[in-house]
Protein chains: 2
Amino acid sequence: MPELKIQHILTLSYLLSKGAKHNYVSITTSSLGKSIKKSQQAASKHLLELEQNQFIDRIMSGRNVSVKITPKGFSEMVKLSTTLQKSLNSFPSHVELKGTLVSGMGEGAYYMGLKGYTKQFKSKIGYVPFPGTLNVRLDKKIHQEAVKQFETLDGIKIKSFSDGKRTYGWVKCFPAKLNNSINCDMILLERTHHDNSVVELISKTCMRKTGKLKDGSKITIKIPISS
Amino acid sequence: MPELKIQHILTLSYLLSKGAKHNYVSITTSSLGKSIKKSQQAASKHLLELEQNQFIDRIMSGRNVSVKITPKGFSEMVKLSTTLQKSLNSFPSHVELKGTLVSGMGEGAYYMGLKGYTKQFKSKIGYVPFPGTLNVRLDKKIHQEAVKQFETLDGIKIKSFSDGKRTYGWVKCFPAKLNNSINCDMILLERTHHDNSVVELISKTCMRKTGKLKDGSKITIKIPISS
DNA sequence: ATTACTAACATCCGAGTAG
DNA sequence: TCTACTCGGATGTTAGTAA
């Protein structure tokens, strides 16, 4: 049984914090038990098992135990830590959505073409969108669900405005890549907050033309996540 | 039961490496089981438990499962990872030895006073040792054992030399602090490789005088560890 | 092929306790 | 006090299997 049991990691971690890397540290099994939130008996057993597997050196002196982590034990800890660290730091940092191009009702184009919006687009995302949004229906549940996380992300915020008669809600933009080639932005609208089965894309150019797309075309959208 | 069980960490770690932070990733329980070295059934149970505790979102679609890590699950992973990381990086980086001053037989002074050694001392540790080594008997087993690790450490190496008649072995020096005040070096000799109950210290000055020490005085030695 | 149930098995933990 | 044993109950894992 040359494997380090995961439940022993916390024990080793505690011992390490006590300085057991270089020195034999004197401890009681009950204090150790308290620290790792287990009983005195469990702590005692942990130490015995760790010693058996040569993860610690253990010296009995009178009534209490002195313990030092072996190079083997230490390297096992490092191994696990870096494994964790790696998976925490090197996950893919983008969301991938797949769906089908559908035709909208033209209302997207109407709203996005309003001066109150276009002025902000120009200054905040650097271009005035081609009049007409690309509607992509997300066919799979997993992609519909994945969109939800953008509700809590910030993106680039286009503020709401009023023309005196009515108010037009804010728009959040997320820079994205369509079919791995065309730069665009996915937009989330304040009004259509609840329906995640369709997402809207805007771009400087007409994506239907530059991407040779028509209704029913399969679409892949990649949206990098900054955080 | 709002606690993350440790054995689930590996499951989460695997999911994370698959990109489950931002996207729903589709997996089979048997492949997951293989990855975490458990059975298919165990993997299935892990996922169910993780879902129950809201560490993952889980979507069944037909025959397989898609999974995404929740912010809660992610932050729990970060918590554990940083705990580990901290204990790995911030342990005390010195060895502490305690013992009693004993009188040597003067042979230490004789050997260390040889030209072949003093010339190297001057250039490598910056001073010519006061003639006479300080012998410290380590009374406790834990300190005797702790000395052993220096055998595998490098320290500052004083090379062996020959005067034509015989060869004088190498000496390893480890910068140390005596009783938290006096700078000195602990020396390990090639010849007395086996006895760890006594360590020898050298210093620029007479430590018995500057430290007001006599035979029987209690001694504390701190030796920083570089690695 | 898949997920996940039940039941048997293995492991872990802690109360009691000896030395 | 202390460590560490036994043992019963809780928990985790797997084999078999249903759907």
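The values are calculated or read from the model by the stated rules, or taken from the named source; none is laboratory data. This is a predicted model, so every value here is computed, not measured. Please note: Cβ atoms are built from the backbone with ideal geometry, for glycine as well, and neighbour counts cover all protein chains shown. With ligands, DNA and RNA removed, areas are computed over all heavy atoms of the protein, side chains included. Shrake-Rupley method; radii C 1.70, N 1.55, O 1.52, S 1.80 Å.
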Long-range amide H partners of A:Val65 with built H, under 5 Å | A:Ile27
When Cβ neighbours within 10 Å are restricted to other protein chains, what is their mean count per residue of peptide A:218-227?
-> 1
Straight-line reach check, A:Lys115, cutoff 17 Å on alpha carbons, 8 or more apart in-chain or any other chain, hits among lysines -> A:Lys124, A:Lys157, A:Lys159, A:Lys165, A:Lys172, A:Lys204
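Please report the projected area of segment A:70-227's Cα convex hull averaged over all directions, in nm².
Working: hull surface 47.6 nm².
The orientation-averaged projected area of the Cα hull of segment A:70-227 comes to 11.9 nm².
Please report, in debye to the nearest 20, how large the charge dipole of chain A is about its Cα centre when each Lys and Arg carries +1 at its beta carbon and each Asp and Glu carries -1 there.
Working: 36 positive and 17 negative charges, 71 e Å.
Roughly 340 debye for chain A.
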Place a +1 charge on the Cβ of each Lys and Arg in segment B:125-224 and a -1 charge on the Cβ of each Asp and Glu, then give the dipole magnitude about the Cα centre in debye, rounded to the nearest 20.
-> 320
Cα Rg, Dmax, the protein assembly as shown, angstrom units = 33.4, 108
Between B:Val25, B:Pro71, B:Ile36, whose Cα lies farthest towards the positive end of the dipole of segment B:6-89 when Lys and Arg beta carbons carry +1 and Asp and Glu beta carbons carry -1, centred on the Cα centre?
-> B:Ile36
Label-point separation in nm, A:Lys141 to A:Asn89, each point 7 Å along Cα→Cβ = 3.7
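What accessible area per residue, rounded to a whole number of Å², is obtained for chain A using a probe radius of 1.4 Å? Don't skip to the end; give the middle numbers.
Numbers: 11980 Å² over 227 residues.
Heavy-atom SASA per residue in chain A reads 53 Å².
For the protein assembly as shown, with all protein chains present and a 1.4 Å probe, just round the carbon and sulfur fraction of the accessible area to a whole percent. Before the final figure, lay out the partial values.
On the way: 12600 of 23940 Å².
C and S fraction of accessible area: 53 percent.
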Rel. contact order, % - alpha carbon contacts under 8 angstrom, at least six apart, chain B | 18
Got a sec to turn the phi values of segment A:11-22 into Karplus ³J(HN,Hα) couplings, 6.51 cos²θ - 1.76 cosθ + 1.60 with θ = phi - 60°, whole Hz, x for Gly and Pro?
-> 4, 4, 4, 5, 4, 4, 5, 7, x, 6, 6, 10
Per-residue ³J(HN,Hα) for segment B:204-220, Karplus 6.51 cos²θ - 1.76 cosθ + 1.60, θ = phi - 60°, Hz, x for Gly and Pro | 5, 10, 7, 5, 4, 7, 5, x, 6, 10, 9, 3, x, 5, 7, 10, 10
Quick one: which bits of segment B:83-103 get at least 10 Å² less accessible when the partner protein chains are in, versus the chain alone, with a 1.4 Å probe?
-> B:Thr83, B:Leu84, B:Gln85, B:Ser87, B:Leu88, B:Phe91, B:Pro92, B:His94, B:Val95, B:Glu96
Interface B/A, total buried accessible area with a 1.4 Å probe, nearest 100 Å²?
-> 3300
Values of log10 I(q)/I(0), in the order q = 0.11, 0.18 Å⁻¹, for segment B:6-89 under a Debye, Cα-only, solvent-free model = -0.28, -0.71
Relative to the Cα centre, what is the charge dipole magnitude of the protein assembly as shown, using +1 at the beta carbon of each Lys and Arg, -1 at the beta carbon of each Asp and Glu, and rounding to the nearest 20 debye?
-> 660
From the Cα centre of segment B:89-120 to that of segment A:68-105, the distance in Å is 48
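On average, how many beta carbons from a partner chain sit within 10 Å of the beta carbon of a residue in B:13-22?
Details: counts 7, 2, 2, 8, 7, 3, 6, 3, 9, 12.
Partner Cβ neighbours, averaged per residue: 6.
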Select the chain B residue whose beta carbon lies nearest to the rotation axis carrying chain B onto chain A, and write the distance in whole Å.
-> B:Ile6, 3
Inter-chain shielding metric for B:116-126, i.e. average beta-carbon neighbours from other chains within 10 angstrom, reads 0
Under 1.5 on a/c is rounded, so check that first for segment B:96-160, then, if it is not, pick prolate when a/b is larger than b/c and oblate when it is not; a ≥ b ≥ c are the square roots of the alpha carbon gyration tensor eigenvalues.
-> oblate
Report, in deg cm²/dmol and to the nearest 500, the calculated mean residue ellipticity at 222 nm for chain A, where each DSSP H run with n ≥ 4 adds -39500 (n - 2.57) and the sum is divided by the residue count.
-> -9500 deg cm²/dmol
Label geometry 7 Å along the beta-carbon vector: A:Asn179 inter-copy distances in nm = 8.3
